[in-house]
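Asker: Got a structure for you, written out below as structure tokens; questions coming shortly.
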Amino acid sequence: MKAALLCLAMVAGTNPLQEGRQRSHPIPSSAGLVSSQDRHASAAGMAMLNKGGNAIDAAVAASYALAVTLPQAGNLGGGGFLVFWNQPEQRGYALNFREMAPKRAHRDLFLNPDGSVNRERATSSLLSSGVPGTVAGLLKAHDRFGTLPRQVVMEPAIRLAREGFRVGPILARSLRRAQPRLGRDPTARQLFYKSSGAPYAAGELLQQPELARTLQGIADNGHSGFYAGPVAQRLVTLMHEGGGLINHNDLTSYRAIWVEPVEGTFQGHRVLSMPPPSSGGVTLIQMLNLLEPLELKAMGLNSADGIHTLAEAMNLAYRDRNALLGDPDQIAVPTEHLISKAYAAQLRRSLNPQRHTPSEQLGGVAPLPANSSNTTHLSVADPQGSLVALTTTLNFAYGNGIAIPGTGVLLNNEMDDFTARPGAANAFGLIQGQRNAIAPGRRPLSSMTPTVVLRPDGSPWFATGSPGGSRIITTVLQVVLNRIVHGLNLSMAVLSPRVHSQLWPDALQIEQGISADTIRLLKQRGHTVKPSRAMGSANSVELGPKGGSLGVADPRRPEGAAEPAPPLLPPAQKKSR
């Protein structure tokens, strides 16, 4: 009888079980929140908010901690981008700390005598390392906008490196898989494997005293703690002895730079993202412009109509990405044209709503080397309403697998993100044009897409971003569309199955969760559908319209965490310079 009454109540539209409409929900907080790919890093950022710090303090603390606990992607020897909505000023900022080509780099650096690309040299040698930018970027962000002393902000990372942390199942598996690569370098082998050569198992303590000393040197001496002094000397010695290019002049002249975010609007919302040499912001806004007037909501989330429309728009945007974007400090990049509504309207006329347009008909250069899936992204919301989206990378997992002796620092292999030979694909299948060729002092094109979205009333709403190589941009696109168009909460916007197309190769990648019927309909429209591994890790945070915040760590990378800050304690001592 009770079951029958319950069924009648539910049919009548009431909800006696108080069930929610959405299957997953973000974590709430009344005092700020940090979401990253590792729980230790999220806790480090949360600790800064609890001490009265702001979103920059928390993001910097979390990023330094990721260099300790997520060595696959967190780093001191790589680079990245940061987008910051500063609520007290009601203004957005973007910080470019992408790696740079050494001054002795040249266009044919990775070419064999027959003109083919030497993949070993481009990905696994000291020649593959660009001048690291992460430390310069974190210092620059904190110096300008942080409120806590640098020693306080870096203390969690120093402690994690010195005292150690328990290796989780994901890192343990990653170290096992990476042993052939890391094992070739004696310094990296000593850092991440036992004296017996065995990898650390889940639950075992990993201590990194050399990295702790490097972090302490940065905390004590700032920029010179990494780009001069003992760390710099060890890096330059390694390069000299191993045939690399980075010298003292490259290190002392490296600068992270503040730039204006690239900005667009979508259905009344302001979207702030990273300008070139990130291709992410331009390509994201171009896709949003293409899709804005189309009836995506009526098509339905992940329907055949909706996925087809997304894929065709992605291909058009990636055609421009691969051909026209590069480092604006060295080449002219038509950013304003590419993100204009008028240009999107022109492109939209070539969208076929019924049939897939083959890539060879669209032309353009083949896809660029997709940036590494071992990038990492974190997002922060603070109690004052500021947001940070920060993405950083080594490119491959553990970069080129080479560590600087005596420092605990792994080196990037970001030089592979340049076009080694125009028209040839990089390790991620992207093919780029002349504008991204190797040149001294140039920063390679990137797919990293740290993004902040504002509500139509101008108030800050959410921050997102992701790792995932060339799929980063489309991951961020789908989080934005899921939240704005389809009305999913932040957790479901991140959890929903993703698709990806990048013009070349001419294939539509789909995650687990797209129905067999939908796949069949897509194939009938001419798409070559390829099952994909999980795409990205869109760790995201959101501010409520009346206060408080929400966060979600993307479950595709299961050791992530969205950490809410407890109620604020009395403010800590402000930093002195």
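Asker: Say we look at the range 139-163 and pick out the residues that are of a type in the set (Lys, Arg) and in contact with a helix residue (DSSP H, G or I) (Cβ under 7 Å, 6 or more places away or on another chain); which of these is nearest to ALA61 (Cα to Cα)?
Answerer: Here is the first cut: in the range 139-163, the ones of a type in the set (Lys, Arg) are 140, 144, 150, 159, 162.
Next cut, in contact with a helix residue (DSSP H, G or I) (Cβ under 7 Å, 6 or more places away or on another chain) only: 150, 162.
On the way: ARG150: 9, ARG162: 16 Å.
The residue in question is ARG150.
Asker: Only one of these conditions is not met by LEU8: (1) open to solvent by 10 Å² or more (accessible area, probe 1.4 Å); (2) at pLDDT 95 or above. Which number is it?
Answerer: Condition not satisfied by LEU8: (2).
Asker: Checking SER42 against (1) of a type in the set (S, T, N, Q); (2) outside any loop (DSSP other than H, G, I, E, B); (3) modelled with pLDDT under 95, only one condition comes out false. Which one?
Answerer: Among (1) of a type in the set (S, T, N, Q); (2) outside any loop (DSSP other than H, G, I, E, B); (3) modelled with pLDDT under 95, the lone unmet condition for SER42 is (3).
Asker: Looking at (1) in contact with a Gly (Cβ under 7 Å, 6 or more places away or on another chain); (2) open to solvent by less than 10 Å² (accessible area, probe 1.4 Å), can you tell me which one LYS103 breaks?
Answerer: (2)
Asker: Is it the case that the range 482-491 has a residue that's within 12 Å of the chain's Cα centre (by Cα) and at pLDDT 95 or above? Working first, answer last.
Answerer: Taking the range 482-491 as the starting set, the residues that turn out to be within 12 Å of the chain's Cα centre (by Cα) are none.
No - not one qualifying residue is present in the range 482-491.
Asker: Among the numbered conditions (1) part of a loop (DSSP other than H, G, I, E, B); (2) more than 18 Å from ARG498 (Cα to Cα); (3) not polar (S, T, N, Q), tell me where GLU360 comes up short.
Answerer: Of (1) part of a loop (DSSP other than H, G, I, E, B); (2) more than 18 Å from ARG498 (Cα to Cα); (3) not polar (S, T, N, Q), only one is false for GLU360: (1).
Asker: Within the range 319-356, count every residue that is acidic (Asp, Glu) and surrounded by 18 or more Cβ atoms within 10 Å (Cβ to Cβ).
Answerer: Quick first cut of the range 319-356, residues acidic (Asp, Glu) only: 320, 327, 329, 336.
Next, from what is left, pick out any that are surrounded by 18 or more Cβ atoms within 10 Å (Cβ to Cβ): 320, 327.
Here the count works out to 2.
Asker: A follow-up question, please. State the number of residues belonging to the range 508-549 that are among the aliphatic types (A, V, I, L, M) and within 27 Å of THR391 (Cα to Cα). Don't jump to the end; show me each part of the working.
Answerer: Going through the range 508-549, the residues among the aliphatic types (A, V, I, L, M) turn out to be 508, 510, 514, 516, 519, 521-522, 529, 534-535, 538, 541, 543.
Restricting the remaining residues to those that are within 27 Å of THR391 (Cα to Cα) gives 508, 510, 534-535, 538, 541, 543.
Within the range 508-549, residues that are among the aliphatic types (A, V, I, L, M) and within 27 Å of THR391 (Cα to Cα) number 7.
Asker: Mind checking whether some residue in the range 324-331 is out of contact with any Ser or Thr (no Cβ under 6 Å at 6 or more places or on another chain) and part of a helix (DSSP H, G or I)? Break it down stepwise before answering.
Answerer: If we filter the range 324-331 for residues that are out of contact with any Ser or Thr (no Cβ under 6 Å at 6 or more places or on another chain), which is where we start, we get 324, 326-331.
Narrowing further to those that are part of a helix (DSSP H, G or I): 324.
Within the range 324-331, one or more residues are out of contact with any Ser or Thr (no Cβ under 6 Å at 6 or more places or on another chain) and part of a helix (DSSP H, G or I).
Asker: Additional query: Determine, yes or no, whether ALA59 is part of a helix (DSSP H, G or I) and surrounded by fewer than 24 Cβ atoms within 10 Å (Cβ to Cβ). Spell out the reasoning first.
Answerer: On the way: part of a helix (DSSP H, G or I): yes; surrounded by fewer than 24 Cβ atoms within 10 Å (Cβ to Cβ): no.
No, not satisfied.
Asker: Another question, if that's okay. Mind checking which pairs have a first residue in the range 135-156 that is under 25 Å from LEU411 (Cα atoms) and a second that is among the charged types (D, E, K, R) and open to solvent by less than 50 Å² (accessible area, probe 1.4 Å), Cβ under 6 Å, 6 or more apart or different chains?
Answerer: VAL153/ASP57
Asker: Okay, moving on. Taking only the range 270-283 into account, find how many residues are closer than 12 Å to LEU477 by Cβ and either without any contact (Cβ under 8 Å) to a residue 60 or more places away in the chain or in a helix (DSSP H, G or I) (or both).
Answerer: Here is the first cut: in the range 270-283, the residues closer than 12 Å to LEU477 by Cβ are 271, 273, 280-281, 283.
If we keep only those that are either without any contact (Cβ under 8 Å) to a residue 60 or more places away in the chain or in a helix (DSSP H, G or I) (or both) too, we end up with 280-281, 283.
Summing the residues that are closer than 12 Å to LEU477 by Cβ and either without any contact (Cβ under 8 Å) to a residue 60 or more places away in the chain or in a helix (DSSP H, G or I) (or both) in the range 270-283 gives 3.
Asker: Given the residues GLN286, GLN190, which is the only one that is in a helix (DSSP H, G or I), of a type outside the set (D, E, K, R) and open to solvent by 60 Å² or more (accessible area, probe 1.4 Å)?
Answerer: GLN190
Asker: Among residues belonging to the range 225-236 that are under 12 Å from GLY406 (Cβ atoms) and touching a residue at least 40 places away in the same chain (Cβ under 8 Å), point out the one that is surrounded by the most Cβ atoms within 10 Å (Cβ to Cβ).
Answerer: Step by step, filter the range 225-236, then rank; the result is LEU235.
Asker: Kindly indicate whether any position in the range 254-269 is part of a helix (DSSP H, G or I) and modelled with pLDDT of 95 or more.
Answerer: no
Asker: In addition: Being crowded, with 22+ Cβ neighbours inside 10 Å, modelled with pLDDT of 95 or more, part of a loop (DSSP other than H, G, I, E, B) and under 26 Å from the mean Cα position of the chain (by Cα): is that true of THR391 here? First the steps, then the outcome.
Answerer: Numbers: crowded, with 22+ Cβ neighbours inside 10 Å: yes; modelled with pLDDT of 95 or more: yes; part of a loop (DSSP other than H, G, I, E, B): no; under 26 Å from the mean Cα position of the chain (by Cα): yes.
Criteria not met by THR391.
Asker: Restricting attention to the range 541-557, which residues are exposed (fewer than 13 other Cβ atoms within 10 Å of the Cβ) and of a type outside the set (D, E, K, R)?
Answerer: To start, the set of residues in the range 541-557 that are exposed (fewer than 13 other Cβ atoms within 10 Å of the Cβ) comprises 545-547.
Within the range 541-557, PRO545, GLY547 meet the criteria.
Asker: What pairs come up if the first residue lies in the range 78-106 and is β-branched (Val, Ile, Thr), the second is open to solvent by 10 Å² or more (accessible area, probe 1.4 Å) and part of a loop (DSSP other than H, G, I, E, B), and their beta carbons are under 9 Å apart, counting only those six or more places apart or on different chains?
Answerer: VAL83/PRO261
Asker: Being at pLDDT 95 or above, in a loop (DSSP other than H, G, I, E, B) and open to solvent by 10 Å² or more (accessible area, probe 1.4 Å) is the requirement here; does ARG442 meet it?
Answerer: Values: at pLDDT 95 or above: yes; in a loop (DSSP other than H, G, I, E, B): yes; open to solvent by 10 Å² or more (accessible area, probe 1.4 Å): yes.
For ARG442, the condition - at pLDDT 95 or above, in a loop (DSSP other than H, G, I, E, B) and open to solvent by 10 Å² or more (accessible area, probe 1.4 Å) - is met.
Asker: For GLN151, work out the one condition from (1) farther than 20 Å from ALA41 by Cβ; (2) open to solvent by 60 Å² or more (accessible area, probe 1.4 Å) it doesn't fulfil.
Answerer: (1)
To keep it simple, each residue is scored yes or no on (1) part of a loop (DSSP other than H, G, I, E, B); (2) more than 25 Å from LEU390 (Cα to Cα); (3) among the basic types (Lys, Arg).
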| residue | (1), (2), (3) |
| --- | --- |
| LEU160 | no, no, no |
| LEU171 | no, no, no |
| ARG184 | yes, yes, yes |
| SER196 | yes, yes, no |
| ALA201 | yes, yes, no |
| LEU211 | no, no, no |
| GLY217 | no, no, no |
| ASP220 | no, no, no |
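The values are calculated or read from the model by the stated rules, or taken from the named source; none is laboratory data. No experiment lies behind these values; they were computed from the predicted model shown. Positions of Cβ are backbone-derived with ideal geometry, glycine not excepted, and every protein chain shown enters the neighbour counts. Keep in mind that these areas ignore ligands, DNA and RNA; they rest on the heavy atoms of the full protein, side chains included. Shrake-Rupley method; radii C 1.70, N 1.55, O 1.52, S 1.80 Å.
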